[in-house]
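Undergrad: Dumping the structure here so I can ask a few things about it.
The values are calculated or read from the model by the stated rules, or taken from the named source; none is laboratory data. Quick caveat: nothing in here was measured; it's all calculated off a predicted structure. Positions of Cβ are backbone-derived with ideal geometry, glycine not excepted, and every protein chain shown enters the neighbour counts. Quick note on the areas: whole protein, heavy atoms, side chains included, nothing else; ligands and nucleic acids left out. Shrake-Rupley method; radii C 1.70, N 1.55, O 1.52, S 1.80 Å.
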Amino acid sequence: MRIALFITCYNDALFPEVGQAIVGLLRRLGHEVEFPSEQTCCGQMHFNSGYQDACIPLVDRFTDAFAGYDAVVTPSGSCAAMVRHHHRVVAERAPGDLAARVAAVAPRVRELTEFLVDDLGVIDVGASFPHTVAFHPTCHSTRLLGVGDRPTRLLRAVGGLRLVDLPRSEACCGFGGTFAVKNADTSIAMGLDKVDDVTASGAEVLTAADTSCLMHIGGLLSRRRSHVRVMHLAEILATTAAST
């Protein structure tokens, strides 16, 4: 299987360790991963802000960068949802063969837990993480991708990990990309509600499948001087007893 890593803007600019964790994890499972250097933004920020025409060159570049791969794995439910559900909407506004190229590439874009559970058929990835962990199911991965219990199945198989329930886990954290900029007060209020739920869970670590949500919640946790830390799911799955 020819696998590509779609790192996403957030991880490339702010959390490169998440991409490194995915590569290490998949190599441990016996798979090599390529990183197409031509990749840029998937256009989600533009699309969600109403600038669909501005997405066209980004979608065009994305389909070129990832053409020919059997699977395009990403550590972001929101970016995977953008490609799988909205790239075709953008492509319909463009002349030429973009729609056909999107139809060939977009279905191969897989959020990490989908790829592990559905494509590789793996639940126990050989990880070890002896900590109490709460999982935040991000909005796009839950509502658009329908990842269901794939992340928690993977977490429950991690050696030493104790998974605790997160109260009101289905509630949005309030980040929402540009929503956090345009509606800062509402975003912060929603985030603080999530922080209260994380604190009530008794978790040492909060994990999720999107670093954007974790950055938002983690920032508010730090302002509360909380000892709870945030880690992307890929980082936990990549951790072994030797690296703990």
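Undergrad: Can you tell me which of (1) of a type outside the set (S, T, N, Q); (2) within 18 Å of Ser226 (Cβ to Cβ); (3) open to solvent by less than 30 Å² (accessible area, probe 1.4 Å); (4) more than 20 Å from the chain's Cα centre (by Cα) is the one Gly191 doesn't meet?
TA: (4)
Undergrad: Please indicate, with yes or no, whether at least one residue in the stretch 64-87 is over 22 Å from Tyr10 (Cα atoms), in a helix (DSSP H, G or I) and either small (Gly, Ala, Ser) or open to solvent by 10 Å² or more (accessible area, probe 1.4 Å) (or both).
TA: No: the stretch 64-87 contains no residue that is over 22 Å from Tyr10 (Cα atoms), in a helix (DSSP H, G or I) and either small (Gly, Ala, Ser) or open to solvent by 10 Å² or more (accessible area, probe 1.4 Å) (or both).
Undergrad: Name the residues in the stretch 116-139 that are open to solvent by less than 50 Å² (accessible area, probe 1.4 Å) and more than 22 Å from Ile217 (Cα to Cα), would you?
TA: If the condition is that a residue be open to solvent by less than 50 Å² (accessible area, probe 1.4 Å) and more than 22 Å from Ile217 (Cα to Cα), then Leu116, Val117, Leu120, Val122, Val125, Gly126, Ala127, Ser128 are the ones that fit.
Undergrad: While we're here: Filter the stretch 161-180 down to residues that are in contact with a Pro (Cβ under 9 Å, 6 or more places away or on another chain) and not hydroxyl-bearing (Ser, Thr, Tyr) and give me whichever is surrounded by the fewest Cβ atoms within 10 Å (Cβ to Cβ).
TA: Checking each candidate, the answer is Glu170.
Undergrad: Something else: Restricting attention to the stretch 140-160, and to residues there that are surrounded by fewer than 20 Cβ atoms within 10 Å (Cβ to Cβ) and among the hydrophobic types (A, V, I, L, M, F, W, C), which single residue is farthest from His227 (Cα to Cα)?
TA: In this case the residue turns out to be Leu144.
Undergrad: Working only within the stretch 158-188, note down all residues that are among the polar types (S, T, N, Q) and over 20 Å from the mean Cα position of the chain (by Cα).
TA: Of everything in the stretch 158-188, those that are among the polar types (S, T, N, Q) and over 20 Å from the mean Cα position of the chain (by Cα) turn out to be Asn183, Thr186.
Undergrad: Scan the stretch 16-32 for residues that are over 17 Å from the mean Cα position of the chain (by Cα) and outside any loop (DSSP other than H, G, I, E, B) and jot them down.
TA: Correct list: Arg27, Arg28.
Undergrad: With closer than 22 Å to Val73 by Cα and among the β-branched types (Val, Ile, Thr) as the only criterion, which of Thr178, Thr199, Thr207 stands out?
TA: Thr207
Let's see how each residue does on (1) touching a strand residue (DSSP E or B) at 6+ places or on another chain (Cβ under 8 Å); (2) surrounded by 14 or more Cβ atoms within 10 Å (Cβ to Cβ):
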position: Thr186; (1), (2): no, no
position: Ser212; (1), (2): no, yes
position: His216; (1), (2): no, yes
position: Val230; (1), (2): yes, yes
position: Leu233; (1), (2): yes, yes
position: Ile236; (1), (2): yes, yes
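Undergrad: What is the one condition in (1) assigned to a helix (DSSP H, G or I); (2) open to solvent by 10 Å² or more (accessible area, probe 1.4 Å); (3) polar (S, T, N, Q) that Thr113 does not satisfy?
TA: (2)
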